[in-house]
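For reference, the structure discussed in these notes is given below.
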Amino acid sequence: MRTLIIFSFLISGLLFSMIPAPAFAQGVDEFEEIDVEGAAFPDTKRGCAKRASFKVAMADLYKKGEDPKDLTEMKIIKPIVQKVYDEVGTKGLTQFYVDTLEEYEECGKNAKAERNSEREAQQVVVYESCSGINEVTLEALEAAKAGRSKDSLISRAENKRLNVKGTTLEKVEAPAVYLVEQIFTKAETSYDDAVDFAVKIGMTCLNSRDRDPPVKKDMTKP
């Protein structure tokens, strides 16, 4: 139920963001001229976060056996949903989750700056926070999968500072160490469980920190 609510929120937000004002007056045919995926997920840090959240939400629904055809009646959204389902079907859930975290890391590095400086400043903080968390979990996942010892990772994690303000890790004394320990503990039972933990932590960071600030209009400009 929680995933469906998140999905509905994402869909409504994506639909609103991708429709230019003239489309409301000119009718649905205007959609044919829109790069739906590009409009929904712009090449900004915010767009990177939206894409990652959307893909994980879709993968969670795939995991629950939801039919993509039943998720939305909006024709312009269906191709994006189907694309994610196809990718999950090809890669498998575990690899898809890992790839999505890695893609978010790379996407943010190459992202274009927001036109609004306040929004850009906030998104830089969000990206640095969430990518920092992902960096720790992804490295731990790689080590656990390869059967390497966690000792060297723990040693580095003890000196690693993460900005976890506003996340579920905020009250954890040593968040980087905690993340490494959790990944290795869960990997002892199942690597899939470790990946599930990593992606949930990563998406929780995005969903708790990734908010659009109010945009102040410059009244000196026409």
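Bear in mind these aren't lab numbers, they're just calculated from the coordinates by the rules spelled out. These numbers were taken from a predicted model, which means no experiment stands behind them. Reconstructed Cβ throughout: ideal geometry from the backbone, glycine too, with neighbour counts over all protein chains shown.
Below are the figures for this structure:
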| read-out | value |
| --- | --- |
| Tally, over segment 45-68, of residues that are more than 13 Å from the chain's Cα centre (by Cα) and either in a helix (DSSP H, G or I) or on the phi < 0 side of the Ramachandran plot (or both) | 7 |
| Boolean, G147 is surrounded by fewer than 17 Cβ atoms within 10 Å (Cβ to Cβ) and not acidic (D, E) | yes |
| Which numbered condition D192 fails, given (1) loosely packed, with under 15 Cβ neighbours inside 10 Å; (2) touching an Asp or Glu at 6+ places or on another chain (Cβ under 7 Å) | (2) |
| Residue in segment 132-141 that is closer than 19 Å to F41 by Cα, of a type in the set (G, A, S) and under 16 Å from the mean Cα position of the chain (by Cα) present | no |
| Test set (1) hydrophobic (A, V, I, L, M, F, W, C); (2) surrounded by 17 or more Cβ atoms within 10 Å (Cβ to Cβ); (3) within 17 Å of the chain's Cα centre (by Cα) - L71 fails condition number | (3) |
| Qualifying position, being within 25 Å of Q123 (Cα to Cα), over 18 Å from the mean Cα position of the chain (by Cα) and free of Cβ contacts under 8 Å to residues at least 12 places away in the same chain, among K200, K171, K186 | K171 |
| Hey, E87 on the phi < 0 side of the Ramachandran plot, acidic (D, E) and either in contact with a His (Cβ under 9 Å, 6 or more places away or on another chain) or not in a helix (DSSP H, G or I) (or both) or not | no |
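Quick grid of which residues meet (1) among the β-branched types (V, I, T); (2) in a helix (DSSP H, G or I):
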site	(1), (2)
L101	no, yes
E106	no, yes
R115	no, no
R119	no, yes
S129	no, yes
E142	no, yes
I154	yes, yes
K165	no, no
L169	no, no
